[in-house]
Amino acid sequence: MGGVTEPARRAGPGRDRGVSARPAAWRGPAVLAALMLAAFAFNTAESLPIGLLDLMSDSLGVSLSAVGLLVTGYGVTVAVASVPLAHALRAVPRRHVLTGLLAALVVSSLVGAGAGSYGLLLGARLLTALAQALFWAVMGPVAVGLFAPGVRGRVVGALSVAGSLALVLGVPAGTWLGRQRGWPVPVASLAVPGLVCLVTVAVLLPTSRPDDEPAAYGSSPDVRRFGTVLTAGFLSATGAFAGYTYLVAFLSGVGAFAPGTVSVLLAAFGTASLAGVSATAAVLDRFPHAALPTAVATQALGMLGLYVAGGRQVMTVVCLVLMGGALGPVFMTAQNAMLHWAPGRTDLALAANSGAYNAGIAAGAALGGLVLPFAGVRGAFLAGGLLTAGACAVLLVGGGPSRGVAADAAAR
């Protein structure tokens with residue numbers, strides 16, 4: 001992925017950001033590996049209760065809908081807290097921020113596992129959500145800043161692959177372990193990777209001012225393109241989850257697949273997402289600006305194809321793979337675009353992107369629920385596909401050159 005670059009001086013808005021201390025060449029990959037493991041742990045923590053809802057409900061004596069709030073409340077917290085937390089801690093060295101966030105993951109995992117009441121478990125989950133809200137904002141600039149600019153897309157891709165493994169490996173493994181040993185065991189086990197990452201970051205990541213880091217500011221600041229990516233990301237997330245939330249109902253009802261086949265297709269969907277992220281990561285540095293529109297267009301094609309395919313099972317499987325293969329790359333390529341076009345600090349831009357995407361997830365699930373009584377589950381995929389097509393249109397209209405900003409950047 002390339003060695004650690006030499007520090008460079010960058011002119012910032014109104015001041016010279018100076019030269020930051022850089023670690024030895026071998027430390028960059030070590031810190032990246034730790035951040036990848038942390039991304040895997042946070043994403044596993046986010047979705048783990050999905051496979052353990054009934055166990056948690058029985059153990060804590062609450063309804064399934066109440067336990068479901070452990071997932072929806074988590075997503076809402078990430079959406080709401082990302083930008084305020086990134087802004088509040090914008091001046092704190094990233095080493096201190098990351099060690100604090102990883103410490104929160106360790107503590108919340110242990111507290112959640114030992115929770116004897118629903119309220120305590122919910123509180124532990126919200127602490128994890130607050131940590132994750134800031135983690136996705138700060139870890140990107142830290143990770144890409146450790147490597148040469150020419151391989152930054154691959155670094156973003158590596159982090160996204162690790163995050164995607166949570167749905168393919170982390171959540172299924174945690175679900176199996178929880179059903180064998182009880183739900184507190186997989187919840188507590190997340191403290192282990194959290195502690196490993198904490199120690200690695202605390203020992204190997206240098207302490208420097210956030211403004212002095214190589215990727216602290218966008219490489220090609222552009223307010224219009226930043227807004228375009230933010231809008232398209234929200235629309236595509238809303239569209240995706242308007243359908244994805246009800247995917248099981250679609251496959252078993254419209255597709256008429258047997259229950260065992262539905263489970264296989266869900267695994268195929270997750271595998272397609274991981275494959276899509278891996279393939280996109282390999283070419284992201286060569287085609288950084290085409291990657292996002294391609295991913296969004298593929299998602300739209302898959303969702304609209306599912307609506308059209310209806311009960312034709314072969315076509316349903318093909319369109320399902322298309323949708324799954326695009327879902328991960330959409331968020332990943334949007335994150336990469338933020339590193340290019342952030343009009344200010346990249347951590348604030350990434351926080352805005354993460355917040356918009358999580359808001360889209362919540363809005364999509366709500367939209368699908370509103371459509372179901374009137375148009376059925378196929379209608380939910382139609383609505384989601386049309387919204388995703390709208391995201392494509394936004395990217396096409398707003399993706400042209402912004403001469404004023406480009407000229408200003410050239411002048412600087």
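The values are calculated or read from the model by the stated rules, or taken from the named source; none is laboratory data. Since the model is a prediction, treat every value here as computed from it, not as a measurement. No Cβ is skipped: glycine too gets one built from the backbone with ideal geometry, and neighbour counts run over all protein chains shown. With ligands, DNA and RNA removed, areas are computed over all heavy atoms of the protein, side chains included. Shrake-Rupley method; radii C 1.70, N 1.55, O 1.52, S 1.80 Å.
The structure-derived value of Kirkwood radius over Cα pairs in Å appears in the list [x] 25.3; [y] 22.5; [z] 21.7 under the label [z]. Placing dummy labels 7 Å off each Cα toward the beta-carbon, the span from Thr271 to Ala366 is 3.6 nm. From the alpha carbon centroid of region 126-168 to that of region 322-358 is 11 Å. Relative to the current alpha-carbon distance between Val264 and Ala91, full extension at 0.36 nm per residue lengthens the span by 57.6 nm. For the options Thr280, Thr261, Thr316, a Gaussian network treatment of the chain with springs between C-alpha atoms closer than 10 Å singles out Thr261 as fluctuating the most. Annotation: amide H of Tyr217 within the under-5 Å range of Thr346, sequence separation 5 or more or interchain, hydrogens built in the peptide plane.
Between Ala33 and Asp58, the modelled labels are 4.0 nm apart [label points 7 Å from Cα along Cα→Cβ]. Surface composition of region 63-176: carbon and sulfur atoms hold 78% of the protein heavy-atom accessible area at a 1.4 Å probe. Per-residue Karplus couplings for region 52-60, computed as 6.51 cos²θ - 1.76 cosθ + 1.60 with θ equal to phi - 60°, are listed in order as 10, 4, 5, 5, 5, 4, 5, 5, 9 Hz, Gly and Pro entered as x. Computed extension length for Thr72-Ala202: 43.6 nm, one decimal, from 0.36 nm per residue of separation with the Cα-Cα distance subtracted. Sequence-ordered 3J(HN,Hα) estimates for region 339-352 from the Karplus curve with 6.51, -1.76 and 1.60 and θ = phi - 60° stand at 5, 7, 10, 3, x, x, 5, 6, 5, 5, 5, 5, 5, 4 Hz, glycine and proline given as x. Region 196-242 and region 48-98 have Cα centres lying 20 Å from one another. In terms of its C-alpha gyration tensor, region 222-299 comes out oblate, because a/c is 1.5 or above while a/b does not outweigh b/c. Subtracting the Cα-Cα distance of Val248 and Leu396 from 0.36 nm times their residue separation leaves 50.0 nm of extension gain.
Please label the shape of region 103-190 as rounded, prolate or oblate, based on the square roots a ≥ b ≥ c of the eigenvalues of the alpha-carbon gyration tensor (a/c under 1.5 means rounded; beyond that, a/b larger than b/c means prolate, else oblate).
Because a/c hits 1.5 or more and a/b fails to exceed b/c, region 103-190 counts as oblate.
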